[in-house]
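In what follows, a structure is listed as structure tokens, so that the remarks can point back to it.
The values are calculated or read from the model by the stated rules, or taken from the named source; none is laboratory data. As the structure is a prediction and not an experimental result, all values here were calculated from the model. Cβ placement follows ideal geometry from the backbone for every residue including glycine, while neighbour counts extend to all protein chains displayed. These area figures cover heavy atoms from the full protein model, side chains too; ligands, DNA and RNA do not enter into them. Shrake-Rupley method; radii C 1.70, N 1.55, O 1.52, S 1.80 Å.
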Amino acid sequence: VLLEQTTTVLTSHLRRWDRRLRLAQSVLWAPRGAIVGLIIGLLVSTVARTRPWILPGQMALITVIATILTTAAVLAWVWFWPQSTERLARYFDRRFGLKERVSTALEVSAGVIPLPDRLIEYQLEDATRAVQKVNPITLLPVRVRTREMIVLLVLIGLAAYMLLAPN
């Protein structure tokens, strides 16, 4: 019973940390996806200016669609890329300085590492105490990269110029 309870507690913490990590990665990668889409739109606009083959409205549509698709693809990758519980445990052990407590506790509870009953109980209690002390909000901050946001704004300005300026 202790093994199952500990595994449930550890797994729920890992999933909660994983959601926080994916949120932080979304804030990091979404502007990058938009930048790629805007660059695609600017390339199309540049080619359209040198060889008039599409109208400005079509250039705007291509730019918007490319930006939405690349941003959505990046966010889908961040949120839907599968992560195993073991991999998450190893990652968060390193990231939070847990000294392999979580991954070891999960391996012990799965029977991968055979230990005497007393050591199993100590290991699981230690891992549970360590997990409860972690504050993922401070250890997994959601940060916006200022330089990338400036690049994004510059690219939006360039795209607007390419669409509105006479050929």
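Looking for something closer than 30 Å to residue 162 by Cβ and within 21 Å of the chain's Cα centre (by Cα) - is there at least one such residue anywhere in region 47-67? Spell out how you get there, then give the answer.
Residues of region 47-67 closer than 30 Å to residue 162 by Cβ: 47-67.
With within 21 Å of the chain's Cα centre (by Cα) added as a condition, the list becomes 66-67.
The answer is yes; a qualifying residue exists.
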Practice task
May I ask you to list the residues in region 44-68 that are of a type in the set (Lys, Arg) and either assigned to a helix (DSSP H, G or I) or under 28 Å from residue 127 (Cβ atoms) (or both)?
Solution key: 49
Completion exercise
Filtering region 116-155 down to residues that are touching a helix residue (DSSP H, G or I) at 6+ places or on another chain (Cβ under 8 Å), outside any helix (DSSP H, G or I) and within 19 Å of residue 89 (Cβ to Cβ) yields 134, 140
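Taking the condition within 27 Å of the chain's Cα centre (by Cα), open to solvent by 60 Å² or more (accessible area, probe 1.4 Å) and under 23 Å from residue 24 (Cα atoms), does residue 83 pass? Explain how you work it out, then say what you get.
Numbers: within 27 Å of the chain's Cα centre (by Cα): yes; open to solvent by 60 Å² or more (accessible area, probe 1.4 Å): no; under 23 Å from residue 24 (Cα atoms): yes.
Taking the combined requirement at face value, the residue does not satisfy it.
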Handout entry: Some residue of region 41-54 being touching a helix residue (DSSP H, G or I) at 6+ places or on another chain (Cβ under 6 Å), among the β-branched types (Val, Ile, Thr) and either open to solvent by less than 20 Å² (accessible area, probe 1.4 Å) or modelled with pLDDT under 95 (or both)
Key = yes
Practice task
Give the residues of region 122-131 that are in contact (Cβ under 8 Å) with a residue 24 or more places away in the chain and either open to solvent by 100 Å² or more (accessible area, probe 1.4 Å) or of a type in the set (A, V, I, L, M, F, W, C) (or both), sorted by residue number.
Solution key: 124, 127, 130, 131
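Rundown of residues vs (1) basic (Lys, Arg); (2) open to solvent by 70 Å² or more (accessible area, probe 1.4 Å); (3) touching a strand residue (DSSP E or B) at 6+ places or on another chain (Cβ under 7 Å), yes/no style:
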| residue | (1), (2), (3) |
| --- | --- |
| 87 | yes, yes, no |
| 109 | no, no, no |
| 118 | yes, yes, no |
| 142 | no, no, no |
| 146 | no, yes, no |
| 157 | no, no, no |
Practice task
Take region 55-68 and flag every residue that is open to solvent by 70 Å² or more (accessible area, probe 1.4 Å) and aliphatic (A, V, I, L, M).
Solution key: 55, 61, 64, 65, 68
Exercise for the section: Check off (1) in a loop (DSSP other than H, G, I, E, B); (2) surrounded by 15 or more Cβ atoms within 10 Å (Cβ to Cβ); (3) not small (Gly, Ala, Ser) for residue 71 and give me the number that stays unchecked. Expected result: (1)
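Out of 73, 89, 160, which single residue is under 29 Å from residue 6 (Cβ atoms) and small (Gly, Ala, Ser)?
Values: 73 fails: under 29 Å from residue 6 (Cβ atoms); 160 fails: under 29 Å from residue 6 (Cβ atoms).
Answer to the check: 89.
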Completion exercise
The condition from (1) in contact with a Phe, Trp or Tyr (Cβ under 8 Å, 6 or more places away or on another chain); (2) open to solvent by 70 Å² or more (accessible area, probe 1.4 Å) that residue 22 misses is numbered (2)
